Amino acid sequence: MSKKSRKKSSKTSSGSSTAKKRTAKTRASTRTRSATTQRTPASKSTRTIEKAGSHRAASKQLSSSKSASSPPAEAKSGLVEGQKAPAFRLPRDGGDVVTLADYAGRKLVLFFYPRADTPGCTREAIDFTRLAAAFADAGTAVLGISADPLKAQEKFRDKHKLGVPLISDEKHEMLEAYGAWGQKSMYGKSFLGILRTTILVGTDGRIARIWRNVRVDGHADQVLEAARSL
């Protein structure tokens, strides 16, 4: 064999060996990428499941937190017609103290309103003031009650020239006893507050009539008719 032939044969063998090595590397690289590709979805899937589980746990914790911070259920006194009127002793405008015993043997109207000097409460207080003389002729006293402090009650009285005593129940004791304190909702939010309620107490000291969720317009006239009918 000539020198040129031996050199050519040597180069061919070397090239073939190099090509084989490259092919082996390519296959190994392909297998590595394939294995990585096969493992990746499983890894992502595991992370997705873990994340979903974590999200559910967080949601559950958030729900529990919301439940814990939700306002308590509506306060109900269970007051019904025919029951003896709960006793009370509270301050009124002018600084005096008013008790249920002060009205023994007389008919008594108690109208509970949410807040002094607001539109609905103002109309209601003015209507009872307008009919004050008619209530007196029917042997019936009238008291307005809210959780406003005395100064707010007196300002309310003076501004609208109200002629009925206004009681301040800042601790909600009387409001709760008469079922006028409970859960309310406004603009999608729930909270505890005064439920517009009117109670008519008979001369025997028992509850003669209860009006819940009062609509202001014409209400005072309805209460007067009920008082006259006792």
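Each reported figure results from applying straightforward, stated rules to the coordinates on display, with no laboratory input. Being a predicted model, the structure only gives us computed values, none of them experimental. Positions of Cβ are backbone-derived with ideal geometry, glycine not excepted, and every protein chain shown enters the neighbour counts.
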*Got a sec? Charge dipole of the range 89-229, +1 on Cβ for Lys and Arg, -1 for Asp and Glu; which of 180, 167, 105 is way out at the positive end?*
180
*Measuring from centroid to centroid over Cα atoms, what is the spacing of the range 82-114 and the range 180-198 in Å?*
22 Å
*Within the range 89-229: Cβ-based charge dipole about Cα centre, in debye rounded to nearest 20 (Lys, Arg +1; Asp, Glu -1)*: 280 debye
*In sequence order, what are the phi-derived ³J(HN,Hα) couplings for the range 156-170 according to the Karplus relation 6.51 cos²θ - 1.76 cosθ + 1.60 with θ = phi - 60°, rounded to whole Hz, with x for glycine and proline?*
4, 4, 5, 5, 10, 6, 6, x, 10, x, 10, 9, 9, 10, 5
*Starting from the range 141-195, pick out the GluC sites (Glu not before Pro) whose DSSP state is loop and whose Cβ has at most 14 other Cβ atoms within 10 Å.*
170
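Could you compute the FRET efficiency for residue 171 and residue 217, with r as their C-beta to C-beta distance and R0 at 25 Å, rounded to 0.05? Show your work: numbers first, answer last.
Working: r = 31 Å, r/R0 = 1.24.
Approximately 0.20, to the nearest 0.05.
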*When only DSSP loop residues count, what chymotrypsin sites (Phe, Trp or Tyr not before Pro) in the range 126-190 have their Cβ near at most 12 other Cβ atoms within 10 Å?*
187
